[in-house]
Amino acid sequence: MGGVDFLADERNKAEFDVNEMKIVWAGSRHVFELSDRISRLVASDPAFGKDNRPMLSRKELFKNTLRKTAHAWKRINELRLSEEEASKLRFYVDEPAFTDLHWGMFVPAIKGQGTDEQHQKWLPLAYKMQIIGCYAQTELGHGSNVQGLETTATFDPQTDEFVVHSPTLTSSKWWPGGLGKVSTHAVVYARLITDGKDHGVHGFIVQLRSLDDHSPLPGIIVGDIGMKFGNGGYNTMDNGVLRFDHVRIPRNQMLMRVSQVTREGKYMQSNVPRQLVYGTMVYVRQVIVSDASNALSRAVCIATRYSCVRRQFGSQNGGAETQVIDYKTQQNRLFPLLASAYAFRFVGEWLKWLYTDVTQRLQANDFSTLPEAHACTAGLKSLTTSATADGIEECRKLCGGHGYLCSSGLPELFAVYVPACTYEGDNTVLLLQVARFLMKTVSQLGSGKKPVGTISYMEQVEHLMKCRCEVQIAEDWLKPAVILEAFEARATRMSVACAQNLSKFTNTEEGFSELSADLAEAAVAHCQLIVVSKFIEKLRQEIPGKGVKQVLGMLCNIYALHILHKNLGDFVSTGCITPKQASLANEQLRSLYSQVRPNAVALVDSFNYTDHFLGSVLGRYDGNVYPNLYEEAWKDPLNDSVVPDGYHEYIRPILKQQLRTARL
């Protein structure tokens, strides 16, 4: 990051200790130092360069990813990196690859659902990457509805084997990353059938390809599903299609930690509680929430730096034009996204704690917090991924026309990120799962069963249904208690209203279907309350560094008041606040934008992203955008020749009017 710093004046405006904020963002000094070291290691290695990615053909793109992945594995072994360090290295290489599913889904599935014996057999091979795995659940005809999967695994007692089969076209496994061309093995989810009885969906370890020549094994039909959205993006990944034609696997390749099939073909539940399976789901979804803050912060970093570099209109007497970031319209769109990146970071931190807590409880046969944890992670996955996908696209628009260039880094970031809205649970389906949990909670109020965790606010249902906001001046909106009560009252009233409307239906499922849009909105209100409350909790902790807590407080208030502004109908129609109080909230929001403005560049510097990781000419640390945009343009293959290919065939005849007129 050497050379002239065109953003130096912006950095000098900071009213807080940037180095301390970097540690707050990372979560701890240890994680900051580790991340900083690994990110610079990746950035300084030419083998990890990514400048030409959008210009490569699909085959070149995929092969280039294989090369980088192999180099990453080589460096991990040479440097003897720990599991944590290796994970960071793969993150900073910043390229969707087959290793994402191997480490993120295949290994955790075996760890979470396999027996001790299966751990001993499969995990050493997976850890050394002597086998490469993927997670084959989603099918061509079913995704979110896991219970509707059609692939079968039928036990044959004659041979002590399962016969895995795809009975229909729609039962083809479809979408698993790493499956198309790389994976040697998969954890396959199929309907377990013994003696003609269907026991529902279970996991099986299935070998797909020969470990000698990588050819598909007999009965395996496997390939890539084709190009995806965007240049580069997920086209580095071999998302695959897989069909089974009566493929036989040994009985002991069924994941048998929770349930098992005996040699005689008897289906049994083990002593291990079935609820342990949900631990893996909680883990994966908390990772997705953390990834949301990573992706949104990248987009916000690019848009913030470029908004300071870009000047447009407003010059007086030949003076400099106005920095785009100084327009209130730009601040109104950008600063809530900056606040959201921090908010998602802190709720992600809390989810890591929740995962640890739930895991410990499950191992002690305590399932009391599991429904709440499941609803919480499902809802936050939905909320954060939708907001992040929309936020990245908004950042692209905030960069004007140049944001549309691949060299801005934003189109590819969007293309890579947007699938998060559908994988690991479609976002609307997840909100409806949260809504079911909310309706059950409301139905149990007054029964003596106390709501726990993120739903504990409903214990004050009588107060929250009647309370009135006490805001009289704009500054009252800076009080955490005032904000929390408004959000709790809104969430409670929306849930109670849904429950009351639901009770009017004789058929509950019919009512749930009819009211699904209202129920999804109630779930969103609940999840937004969680994010706001966890941000406020973060501010109650001891946070070192000059001005760090104060500027985080501004971001917390921006996040909350912007959510209030965008959902004004909910807050006013449920009687939580008055139109006058809503107006005061907007007044306070404008004031907060002015207070955050001097700190904007320092706040995105606190993400500590290298230029290599950002991959954006517009978001360069030094702010030297225009010479580099100009230089980047000449790298395009179209500029390899002055006169384009096809000139003599197509352009010259038009210019010289040499086209023959066809006779009808």
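The values are calculated or read from the model by the stated rules, or taken from the named source; none is laboratory data. All values reported here derive from a predicted model rather than from experimental measurement. Neighbour counts are summed over all protein chains in view; Cβ atoms, including those assigned to glycine, are modelled from backbone coordinates with ideal geometry. Heavy atoms of the whole protein, side chains included, go into the accessibility calculation; ligands, DNA and RNA do not. Shrake-Rupley method; radii C 1.70, N 1.55, O 1.52, S 1.80 Å.
Exactly one of (1) buried (at least 19 other Cβ atoms within 10 Å of the Cβ); (2) modelled with pLDDT under 95; (3) in contact with a Ser or Thr (Cβ under 7 Å, 6 or more places away or on another chain); (4) assigned to a helix (DSSP H, G or I) is unmet by Val416. Its number? Here Val416 meets the rest and fails (3). Give segment 312-331 a look and list any residue that's within 16 Å of Val601 (Cα to Cα) and assigned to a helix (DSSP H, G or I), or say none. Those that are within 16 Å of Val601 (Cα to Cα) and assigned to a helix (DSSP H, G or I): Val324, Ile325, Asp326, Gln330, Gln331. Among the residues making up segment 335-366, those that are modelled with pLDDT under 90 and open to solvent by 60 Å² or more (accessible area, probe 1.4 Å) are Tyr355, Thr356, Gln360, Arg361, Gln363, Ala364, Asn365.
Of all residue pairs spaced 6 or more apart or on separate chains, those with beta-carbon atoms under 8 Å, a first member in segment 441-457 that is in contact (Cβ under 8 Å) with a residue 60 or more places away in the chain and part of a helix (DSSP H, G or I) and a second member that is surrounded by 15 or more Cβ atoms within 10 Å (Cβ to Cβ) and of a type in the set (Ser, Thr, Tyr) are Gly453/Thr369; Thr454/Ser533; Ile455/Thr441; Tyr457/Thr492.
Number of residues in segment 563-612 that are surrounded by fewer than 21 Cβ atoms within 10 Å (Cβ to Cβ) and among the aromatic types (Phe, Trp, Tyr): the value is 1.
Just one of the listed residues (Val601, Val617) is touching a Lys or Arg at 6+ places or on another chain (Cβ under 8 Å), modelled with pLDDT of 90 or more, under 30 Å from Ser307 (Cβ atoms) and not basic (Lys, Arg), and it is Val601. Among residues belonging to segment 367-397 that are among the hydrophobic types (A, V, I, L, M, F, W, C) and either at pLDDT below 95 or open to solvent by 10 Å² or more (accessible area, probe 1.4 Å) (or both), point out the one that is nearest to Phe414 (Cα to Cα). The selected residue is Ala387. Before we move on, is Phe505 over 24 Å from His565 (Cβ atoms) and open to solvent by less than 40 Å² (accessible area, probe 1.4 Å)? No. Any residue at all in segment 147-154 that's crowded, with 18+ Cβ neighbours inside 10 Å and at pLDDT below 95? The answer is yes, given that some residue of segment 147-154 is crowded, with 18+ Cβ neighbours inside 10 Å and at pLDDT below 95.
Of everything listed in (1) more than 23 Å from Lys111 (Cα to Cα); (2) touching a residue at least 24 places away in the same chain (Cβ under 8 Å); (3) not hydroxyl-bearing (Ser, Thr, Tyr), the single unmet condition for Asp390 is (2). Within segment 306-329, restricting attention to residues that are of a type in the set (A, V, I, L, M) and surrounded by 13 or more Cβ atoms within 10 Å (Cβ to Cβ), the residue that is farthest from Arg590 (Cα to Cα) is Val309. Within segment 102-110, identify whether any single residue is of a type outside the set (Ser, Thr, Tyr), open to solvent by less than 30 Å² (accessible area, probe 1.4 Å), in contact (Cβ under 8 Å) with a residue 12 or more places away in the chain and part of a loop (DSSP other than H, G, I, E, B), and answer yes or no. Looking through segment 102-110, none of the residues is of a type outside the set (Ser, Thr, Tyr), open to solvent by less than 30 Å² (accessible area, probe 1.4 Å), in contact (Cβ under 8 Å) with a residue 12 or more places away in the chain and part of a loop (DSSP other than H, G, I, E, B).
Scanning segment 194-221 for residues that are part of a strand (DSSP E or B) and either in contact (Cβ under 8 Å) with a residue 60 or more places away in the chain or within 15 Å of Arg243 (Cα to Cα) (or both) yields a total of 12. The C-beta contact set for segment 527-546 (first residue open to solvent by less than 10 Å² (accessible area, probe 1.4 Å), second residue at pLDDT below 95, distance under 6 angstrom, 6+ apart or interchain) comprises Ile530/Thr454.
The residues of segment 473-502 that are surrounded by 14 or more Cβ atoms within 10 Å (Cβ to Cβ), of a type outside the set (A, V, I, L, M) and without any contact (Cβ under 8 Å) to a residue 40 or more places away in the chain, listed by number, are Glu485, Thr492, Asn501. Restricting segment 385-443 to residues that are farther than 29 Å from Tyr626 by Cα and hydroxyl-bearing (Ser, Thr, Tyr) leaves a set whose member that is farthest from the chain's Cα centre (by Cα) is Ser443. Being outside any helix (DSSP H, G or I) and surrounded by 13 or more Cβ atoms within 10 Å (Cβ to Cβ), is that true of even one residue in segment 28-43? Among the residues of segment 28-43, not one is outside any helix (DSSP H, G or I) and surrounded by 13 or more Cβ atoms within 10 Å (Cβ to Cβ), which makes the answer no. The requirement of being assigned to a strand (DSSP E or B), within 26 Å of the chain's Cα centre (by Cα) and of a type in the set (Val, Ile, Thr) is fulfilled somewhere in segment 183-192, by at least one residue.
Which of the residues belonging to segment 202-215 are farther than 14 Å from Gly178 by Cα and either more than 29 Å from the chain's Cα centre (by Cα) or open to solvent by 20 Å² or more (accessible area, probe 1.4 Å) (or both)? The answer is Ser210, Leu211, Asp212, Asp213, Ser215. When Gly226 is tested against (1) under 20 Å from Lys59 (Cα atoms); (2) touching a residue at least 60 places away in the same chain (Cβ under 8 Å); (3) not charged (D, E, K, R), only condition (2) is not met. Every condition in (1) free of Cβ contacts under 8 Å to residues at least 60 places away in the same chain; (2) over 22 Å from Gln113 (Cα atoms); (3) among the hydrophobic types (A, V, I, L, M, F, W, C) is met by Met237 except one, and the failing one is (1).
Residues checked against (1) among the hydrophobic types (A, V, I, L, M, F, W, C); (2) under 33 Å from the mean Cα position of the chain (by Cα); (3) in a loop (DSSP other than H, G, I, E, B):
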| site | (1), (2), (3) |
| --- | --- |
| Gly223 | no, yes, no |
| Gly265 | no, no, yes |
| Asn271 | no, no, yes |
| Met281 | yes, yes, no |
| Ala303 | yes, yes, no |
| Cys308 | yes, yes, no |
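Considering only residues of segment 591-615 that are of a type in the set (Ser, Thr, Tyr) and assigned to a loop (DSSP other than H, G, I, E, B), which is nearest to Glu632 (Cα to Cα)? Going through the qualifying residues, I end up with Thr610.
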